[in-house]
Each structure stands twice: as C-alpha cells, then as structure tokens.
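See structure below.
The values are calculated or read from the model by the stated rules, or taken from the named source; none is laboratory data. All values derive from a computational prediction rather than experimental measurement. Ideal geometry is used to build each Cβ from the backbone, glycine not excepted, and the neighbour counts take in all protein chains shown. Side chains included, ligands, DNA and RNA excluded: accessible areas come from the protein's heavy atoms. Shrake-Rupley method; radii C 1.70, N 1.55, O 1.52, S 1.80 Å.
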Amino acid sequence: MLDWTDRHCRFFLRQLSRHCLLYTEMVTGAAILRGDPDWLLRFSPAEHPVALQLGGSDPQALATAARIGAGYGYDEINLNVGCPSDRVRSGRFGACLMAEPELVAECVAAMIASADLPVTVKTRIGIDSQDTYEFLQQLLEHVTAAGCGTVIIHARKAILGGLSPKENRTIPPLQYTTVYRVKQDFPELEVILNGGVTELSAAATHLEAVDGVMLGRAAYHNPYILTGVDARFFGATRQPPSRATVIHRMLPYIETELNAGTALKHITRHMLGLYHGVPGARAWRRHLSQHATASNAGVEVIEAALDAVHSLTAPVNPEPATRVGHG
Ligand SMILES: Cc1cc2nc3c(=O)[nH]c(=O)nc-3n(C[C@H](O)[C@H](O)[C@H](O)COP(=O)(O)O)c2cc1C
C-alpha cells in the first residue's frame, strides 16, 4: 500500500506473523529503471516472505524491473492492475489496464521470462461500465495463459472517472460472490480475495470458497490482528507475542536504523495502531505522536510510550495468582 507498507512497516508486521505474505508499496518499473533501485528495493531479510508490487504497462521495462527485484531477493513479483488513481491512469497502468488484457498478458509473460519467480496479478472485478463477469473472465483467461498462477482480486469495481482513490475503496459495493465464482471457473488458479475483511473469522469464511485472503487497511490500522494468523491458518503452535514483546523485538532494529540515519517517526508511524481497541491505545498513540517527531528522538521514546500504556493498564490490586480460577 502506497506510503504505508514501506520496509519499516513490513519489518514491524513481520514481528506479528511469521507466515503471512507481505507486499511492498507499488513501485513503477520506470522508477526502478531511472531512479535509485537500492533506495526503492532494499529490505531486511527478516521480512520474508515478501512480494514486490510493480506498476506499469511497458513489458520490457517491467521485465527488467522484475529481474532487478528478483536480484534483491523478493519472493514474488506482483503486477498492479487495480489502482484507480488519476496519476496512475495517466501513466497507463493500474486498474485501467483491465481494458487491455492482451497488454497485461504480454507484461506478465515478459516478467515471467525475465525473473525466475512467481508473477501474480492484483486486480478489481471491473472498471466503470465494464463490470460484467465476462469482462473479468477475459482478463483472467489472458493472464493465466501467460503463466500467472495467482490473482488477488479486490472484490469491487473501480470507478475511473469521478471517484478519488479513497472513495474507490469504499463506494463501489463489495461483491464477494464474483471472486468465489472465479475460483469455481478457474480451479487451477490460486485466487486471493481482498476488500473489506477486518476480522480473521471473516477471512476463515472466505477461505471456504477461495485460496487466500489479503488484508489491507485492517492489517495497518489494527496490526495486532495478525498475531492470530499463524495459529489459525498455518498450523503454528507457538503462543502469539504480546504487544510489549512485539515492541521489544522492534528495538534492536530501530537502534540500527537510527544509527543509519533513519528518523524515529518514519518507523513509529506504522506502529501507532498496535494497541487498537484495547486500553492504553490513546496513551500509546499520543506519546509516540508527540515525542517521536523530535529530531533527536531515540528508542527511549518507545520505552516511555510503553510505560505510559502499562501505568494505565496495570491492575492496582492484583489478585494473588493462587486464586485465579477459584470460585
Ligand atoms: C493508503 C493505501 C494505499 C494503497 N496502495 C496500494 C498499492 O500500492 N497497490 C495496491 O495494489 N493496492 C493499494 N491499496 C489498496 C489495498 O491494497 C486494498 O486493495 C484495498 O484497501 C482494499 O482492501 P482492504 O479493505 O482490506 O483495505 C492501497 C490502499 C490504501 C488504503
């Protein structure tokens, strides 16, 4: 997610789930070719498994970008055919490409030939008035013929004229049954459903009909939800980490990043939602927001934020442990 799932965010999310697949922000093929690939692509080995999402419609540029991405060690290359922003449309990529299935297939084939990695596609269920099932089906036929084995489908169409990207994530109605139908019609294709999933119980329900579920905003705003993923969907038996453990696991990373010149706020902004929905949420957010922005802010800010939460949530008169469960 643009501006959200940068490498600091992904490192943080990885402390919450060992198994979920993380995605980069969308990076355009042109940016990788003309910009500073190291700045755009480097990431911590601790983030694995992680997919690089590319945007663009020039098969050769995407092929080169995919090869460079593979060299950085990404586990998957994903092509964005779902982003509705004007900026993206003027560059002829994102959701508007749904109307050019041959070109999308050409891009996919070129990326597969160039990078020795799975190439996946993220798309919508339609665009504007091109919102029939057959329209989506045509795109999927092309990309599967080109060698794409996994699609992530945001279960709402995109309105390319008139709605902002934000509105395009809420206003067009979610149509999960369309994604379920894709799985029925393309049984060999790995189908990942996306859009509006905020609880793991809802993800479990979708998994009766599709192969995977992608969480976007919920994972960012309420990241602790990810601690349930490994046991529920990957058979892990380890206890999920507490919030305090997650924070302590972040500290060595943050120290290293601060020493390398990263500002604390660039990391802590992704951690603001950690206490979402539980006592201490406001104290945590407030402390970080107020103190992590100082130019010399260090890990002591995080430790103090944690103290602020715990001073609020520690029981005043804890019950003796021997009495737990009696009566
Ligand atoms: C701030 C923000 C940035 C996003 N950037 C991208 C992006 O770069 N690539 C992409 O495929 N989707 C992007 N999305 C869309 C999400 O991946 C997802 O499809 C959408 O939010 C619906 O899923 P959700 O309801 O679980 O959030 C972005 C969403 C948000 C909120």
Exercise for the section: Tell me which residues, restricted to segment 48-73, are part of a loop (DSSP other than H, G, I, E, B) and touching a Ser or Thr at 6+ places or on another chain (Cβ under 8 Å). Expected result: G56
Exercise for the section: Return a yes/no flag: does segment 221-228 have any residue that is in contact with a Cys (Cβ under 8 Å, 6 or more places away or on another chain), closer than 16 Å to R10 by Cβ and assigned by TED's automatic domain parsing to the domain that holds L22. Expected result: yes
Practice task
Return yes or no: is Q138 open to solvent by 40 Å² or more (accessible area, probe 1.4 Å) and more than 26 Å from L215 (Cβ to Cβ)?
Solution key: yes
Problem - Residues of segment 68-125 satisfying the condition of being more than 18 Å from M214 (Cα to Cα), among the β-branched types (V, I, T) and in contact with a strand residue (DSSP E or B) (Cβ under 8 Å, 6 or more places away or on another chain) - result: V88, V104, V108, I112
Problem - Set L97, L103: member being surrounded by 19 or more Cβ atoms within 10 Å (Cβ to Cβ) and touching a Ser or Thr at 6+ places or on another chain (Cβ under 9 Å) - result: L97
Handout entry: Residue tally, condition in contact with a helix residue (DSSP H, G or I) (Cβ under 6 Å, 6 or more places away or on another chain) and assigned to a helix (DSSP H, G or I), over segment 272-301
Key = 13
Exercise for the section: Could you please let me know if L79 is open to solvent by less than 10 Å² (accessible area, probe 1.4 Å) and assigned to a strand (DSSP E or B)? Expected result: yes
Practice task
Hey, can you tell me all the residues within segment 1-52 that are within 14 Å of the ligand (Cβ to nearest atom) and of a type in the set (S, T, N, Q)?
Solution key: T5, T24, T28
Fill in the blank from the handout: Restricting segment 302-327 to residues that are part of a loop (DSSP other than H, G, I, E, B) and among the small types (G, A, S), the one modelled with the lowest pLDDT turns out to be G327
Exercise for the section: Would you confirm whether any residue within segment 75-86 is more than 18 Å from the chain's Cα centre (by Cα), more than 12 Å from the ligand (Cβ to nearest atom) and over 18 Å from A145 (Cβ atoms)? Expected result: yes
Practice task
Could you please let me know if V108 is within 15 Å of the ligand (Cβ to nearest atom), among the hydrophobic types (A, V, I, L, M, F, W, C) and more than 13 Å from the chain's Cα centre (by Cα)?
Solution key: no
Problem - Per-region count, segment 280-302, residues surrounded by 13 or more Cβ atoms within 10 Å (Cβ to Cβ) and within 17 Å of N259 (Cβ to Cβ) - result: 6
Problem - Cβ pairs under 8 Å, 6+ apart, first in segment 5-17 and closer than 14 Å to P240 by Cα and assigned by TED's automatic domain parsing to the domain that holds A219, second modelled with pLDDT under 95 and open to solvent by less than 10 Å² (accessible area, probe 1.4 Å) - result: none
Problem - Any hit, segment 67-84, residues being farther than 21 Å from M111 by Cα and in contact (Cβ under 8 Å) with a residue 60 or more places away in the chain - result: yes
Handout entry: Selection from segment 231-265 of residues that are of a type in the set (K, R) and part of a helix (DSSP H, G or I)
Key = R232, R243, R249, K265
Exercise for the section: With respect to G162, determine if the residue is surrounded by 16 or more Cβ atoms within 10 Å (Cβ to Cβ) and on the phi > 0 side of the Ramachandran plot. Expected result: no
Handout entry: Test: residue in segment 221-230 that is within 16 Å of the ligand (Cβ to nearest atom), assigned to a strand (DSSP E or B) and not aliphatic (A, V, I, L, M)
Key = no
Fill in the blank from the handout: Quick count over segment 9-52, residues being of a type in the set (G, A, S) and open to solvent by less than 20 Å² (accessible area, probe 1.4 Å), is 3
Exercise for the section: Out of the residues in segment 172-214 that are under 20 Å from A95 (Cβ atoms), free of Cβ contacts under 8 Å to residues at least 24 places away in the same chain and open to solvent by 30 Å² or more (accessible area, probe 1.4 Å), state the one that is nearest to the ligand (Cβ to nearest atom). Expected result: L174
